[in-house]
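**Q** The structure that follows is given in the form of structure tokens.
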Amino acid sequence: MKVLIIEDEAPAFRRLQKILEELRPGIEIIDVIDSVEASVKWLKNHNHPDLIFMDIQLSDGISFEIFDHVTITNPVIFTTAFDEYMLRAFKVNSIDYLLKPIKTEDLTLSLQKYEAMKSAFSEQGGPDITALIQQITLDDKKYKSRFLVKKGERLLSIETTNIAYFQTRNGVVSLVTDTGQKHLVDYTLDELSSQLDPSDFFRANRQYLIHYNMIKEVHRYHKGKLLVEGTLSTEDQILVSEEKSSLFKKWLDQ
């Protein structure tokens, strides 16, 4: 069995690898990838494995975005640290998920399920995973519409439509409104990426998660990168990498 692991946390990968090798000594882990853009690039340029283990929250977004750019017909087992209600849909559509930290007994059942249904998958067909992902993420997902923040002794509720961007610096995440007001929030950018409507917000890089309305202009930059000029000044230049530029342009052209 050839397995691809898409996971951005080294301890989680090592745990998964250890249990897989204990349960299936002949298993071959052909690669480990830690981001959406790297996964898209890898899957476009390599033969797909027998099975993919895919973390939902990656360093540059959520793994569901991968399905927007690559057709995947082989089985996928999702892993996540959050037992969200929408994951139940995968169970009834021949796709499984594992809750972190992964337990040996849960992985055993997932592998048994994979082996029982793998004949349904082939290069010519299989369950329409892409359609399932779109249905779950677009129809069932309830995105955050506002954030409660503290300003002095006051509590403020800020609509997402009034947010220009989120920025992380030294492990601290700030919400910046369209009027330039900054507030601290108790979320990581990875968590925010999964909680905000992807049609409105884009993870430009590791430091910035931007709202569409804050974009003033986009310029070509060095080595295929894109430079985002916002309606507000930012502490750093907002650069979109060459690998992610096509995703960004597609997002702008929805």
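**Q** Which cross-chain or sequence-distant (5 or more) residues have an amide H under 5 Å from the amide H of ASP96, H modelled 1.01 Å from N in plane?
**A** VAL76, PHE78
**Q** Now, a different point. Can you give me the angle between helix 10-23 and the longest principal axis of the chain, using Cα atoms only, in degrees from 0 to 90, rounded to the nearest 10?
**A** Once rounded, the angle reads 10 degrees.
**Q** Continuing with the same structure: Across the stretch 230-247, in residue order, what do the Karplus-derived ³J(HN,Hα) couplings come to in whole Hz, using 6.51 cos²θ - 1.76 cosθ + 1.60 with θ = phi - 60° and x for Gly and Pro?
**A** Here the 3J(HN,Hα) series is x, 6, 10, 6, 10, 5, 10, 5, 8, 10, 9, 5, 4, 5, 9, 5, 5, 5 Hz.
**Q** Helix 36-45 sits at what angle to the longest principal axis of the chain, using alpha carbons and giving 0 to 90 degrees rounded to 10?
**A** Approximately 50 degrees, to the nearest ten.
**Q** State, to one decimal in nm, how far the label point of HIS222 lies from the label point of ALA116, with both points 7 Å from Cα in the Cβ direction.
**A** Result: 5.6 nm between the two label points.
**Q** So, one more: Taking each pair of different alpha-carbon atoms in the stretch 156-216 once, compute 1/r for the pair, average those values, and report the inverse of that mean as the Kirkwood hydrodynamic radius in Å to one decimal. Walk me through the intermediate numbers first.
**A** Numbers: mean 1/r = 0.0873 Å⁻¹.
For the stretch 156-216, the Kirkwood estimate is 11.5 Å.
**Q** Nearest 0.05, what FRET efficiency do LYS182 and ASP106 give at R0 = 30 Å with Cβ-Cβ as r? Don't skip to the end; give the middle numbers.
**A** Details: r = 42 Å, r/R0 = 1.39.
The calculated FRET efficiency here is 0.10.
**Q** If the chain between ASP197 and LEU148 were fully stretched, how many nm would it gain, using 0.36 nm times the residue separation less the Cα-Cα distance?
**A** Full extension of this stretch gives 15.9 nm more.
**Q** Over the chain, what is the relative contact order in whole percent, taking alpha-carbon pairs under 8 Å and six or more residues apart? The partial results should precede the final answer.
**A** Values: 406 pairs, mean separation 33.0, N = 254.
Relative contact order for the chain comes out at 13 percent.
**Q** About the Cα centre of the chain, what is the dipole size in debye to 20, counting +1 per Lys and Arg Cβ and -1 per Asp and Glu Cβ, all else neutral?
**A** So the magnitude is around 400 debye.
**Q** For LYS249, which lysines qualify as cross-link partners when the Cα separation must be under 29 Å and same-chain residues fewer than eight apart are set aside?
**A** Cα-Cα hits under 29 Å: LYS41, LYS44, LYS141, LYS142, LYS144, LYS182, LYS216, LYS223, LYS225.
**Q** Report the paramagnetic label zone for ILE30: residues of the stretch 51-77 whose backbone N is under 13 Å from a point 7 Å from Cα along the Cα-to-Cβ axis.
**A** Within reach of a label on ILE30, which here means backbone N under 13 Å from a point 7 Å along Cα→Cβ, the stretch 51-77 contributes 51-53, 73-75.
**Q** Which distance in nm do the two modelled labels at ASP50 and MET1 give, with both placed 7 Å along the Cα-to-Cβ direction?
**A** Spacing of the two 7 Å Cα→Cβ label points: 0.7 nm.
**Q** Something else: Which percentage, to the nearest 5, of the DSSP beta bridges contained in the chain is antiparallel?
**A** Beta bridges within the chain, antiparallel portion: roughly 65 percent.
**Q** Once Lys and Arg get +1 and Asp and Glu get -1 on their Cβ, which of ASN45, SER199, ILE5 lies farthest toward the positive end of the dipole of the chain?
**A** SER199
**Q** Could you calculate the FRET efficiency of ASP236 with THR71 from 1/(1 + (r/R0)^6), where r is the beta carbon distance between them and R0 is 35 Å, rounded to 0.05?
**A** 0.45
**Q** Quick one: angle between helix 104-117 and the longest Cα principal axis of the chain, in degrees between 0 and 90, rounded to 10, please.
**A** 70
Values in this text are rule-based calculations from the coordinates and carry no lab data. Because the structure is predicted, anything quoted here is derived from the model rather than measured. Every residue, glycine as well, gets a Cβ built from its backbone with ideal geometry; the counts of neighbours run over all protein chains shown.
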